[in-house]
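This report refers to the structure that appears directly beneath it.
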Amino acid sequence: MAGDTLGVPGLLMFSTTDSGREGPARSIFTDHRTPIEERWGGWFVTGSRASVRHRGNAAAALSGNAGRELASVSGLFEADGYQAMSSDIAALLVLSHQIHMTNLLTRAAWEARAADPRLHAPFVANPGEEARVAQMMSGVADEVVDYLLFVDEAPLKDRLRGSSAFARRFAAAGPRDGNGRSLHQLDLTRRLMKYPCSYLIYSTAFDALPPAAKDPIYRRMWAVLGGEESGSRYRSALSFDDRQAIVEILRATKADLPGYFGTVRR
């Protein structure tokens with residue numbers, strides 16, 4: 001539990017800088033909003049990164065040749081206990097998203113249950129308390145949905161390729177609509193996902209959200225995807241085609257999706 005986990009028990013992914021010209025070594029929490037150039041300090045990274053720079057592979061085992069691409073980490077350290085000799089850049093990108101999304105869902109459920117007087121007998125709601133709780137959960141939902149829809153995702157700037165079969169396996173894992181589209185499909189050219197809506201919407205953590213958390217999240221999702229939210233930040237992150245495809249995929253694959261997810265406005 002820490003500030004980086006939003007004050008609830010959660011997960012952390014750090015990037016560490018070396019001490020030197022940039023000052024003392026430091027570690028920063030990273031997720032899909034972190035510029036690629038700042039990610040994976042202290043990590044081995046395998047796969048093709050094209051012209052994209054990152055902090056990975058700055059390890060003594062590479063004899064200062066951190067700029068080179070790695071197909072495998074074989075021979076760089078003792079392999080006993082490791083399931084594979086890859087640290088696939090595609091898998092690391094997915095992990096960068098998944099960690100903070102998991103923390104956001106945990107926090108949303110925590111806040112909703114902590115604020116529900118029915119779960120804390122003998123306490124009862126004071127006059128106006130339900131409205132105050134609804135307002136608080138609306139703010140929580142805004143934060144969850146911004147991240148769930150990759151609104152502030154750092155661009156990739158060039159095509160990335162993994163060094164293992166991870167991308168293929170991951171893309172095959174999710175439910176598909178009648179046109180074969182899935183929220184598990186990766187892009188890896190300009191952004192992580194082909195359809196920018198988190199696959200964790202299918203997770204147990206999302207499905208188990210109490211109504212006080214899930215209802216405002218769905219309402220905010222529809223405000224953004226349906227076109228009511230017209231802010232430039234949202235329109236630049238999600239094109240009309242993106243929004244329409246996501247809604248169509250969700251309507252075909254998400255059983256508890258509210259019926260008001262309908263026609264998407266330009």
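Only bridges with both residues in the chain count here: give the DSSP antiparallel percent, nearest 5.
Of those bridges, close to 75 percent are antiparallel.
How much of the accessible area of the chain, in percent, comes from carbon and sulfur atoms when a 1.4 Å probe is used?
50 percent
Show me the helices of the chain, taken as full DSSP H stretches, that run 18 Å or more along their long axis by Cα and average -0.5 or above in Kyte-Doolittle hydropathy.
On the way: long enough: 89-115 (40 Å, 0.66); 129-148 (28 Å, 0.09); 211-226 (21 Å, -0.15); 240-253 (20 Å, -0.02).
Result, helices passing both filters: 89-115, 129-148, 211-226, 240-253.
Please name whichever of Ala108, Met193, Tyr82 sits farthest to the positive end of the charge dipole of the chain, dipole taken about the Cα centre and charges placed at Cβ: Lys and Arg +1, Asp and Glu -1.
Met193
Suppose R0 equals 35 Å; then what is the FRET efficiency for Arg26 and Ser232 from their Cβ-Cβ distance, rounded to the nearest 0.05?
With a Förster radius of 35 Å, E is 0.60.
Roughly how many nanometres apart are two label points built 7 Å out from the Cα toward the Cβ at Thr204 and Ala172?
2.4 nm
Starting from the eigenvalues of the Cα gyration tensor, five times each then square-rooted, give me the equivalent ellipsoid semi-axes of the chain, largest first, whole Å.
Its equivalent ellipsoid spans semi-axes of 36, 23, 17 Å.
Local charge sum around Arg243 (other residues, Cβ-Cβ under 12 Å, Lys/Arg +1, Asp/Glu -1)?
Its environment carries a net charge of -2.
Students often check this: by mean Cβ neighbours within 10 Å, which of 71-79, 215-223, 51-59 ranks highest, and how do the rest follow?
215-223, 51-59, 71-79
May I ask for the net charge around Trp40, where only other residues with Cβ less than 12 Å from the Cβ of Trp40 are counted and Lys, Arg are +1 while Asp, Glu are -1?
Counting the neighbours of Trp40, the net charge comes to +1.
Taking H placed 1.01 Å from N in the peptide plane, check which residues at least 5 places from Asp88 or on another chain put their amide H under 5 Å from its amide H.
Under 5 Å from the amide H of Asp88: Thr46.
Evaluate the relative contact order of the chain (contact order divided by residue number), counting alpha-carbon pairs under 8 angstrom at least 6 apart; express in whole percent.
17 percent
The values are calculated or read from the model by the stated rules, or taken from the named source; none is laboratory data. No experiment lies behind these values; they were computed from the predicted model shown. Every residue, glycine among them, receives a Cβ derived from its backbone with ideal geometry; neighbour counts consider all protein chains shown. Please note that ligands, DNA and RNA were not included when accessible areas were found on the heavy atoms of the full protein model with its side chains. Shrake-Rupley method; radii C 1.70, N 1.55, O 1.52, S 1.80 Å.
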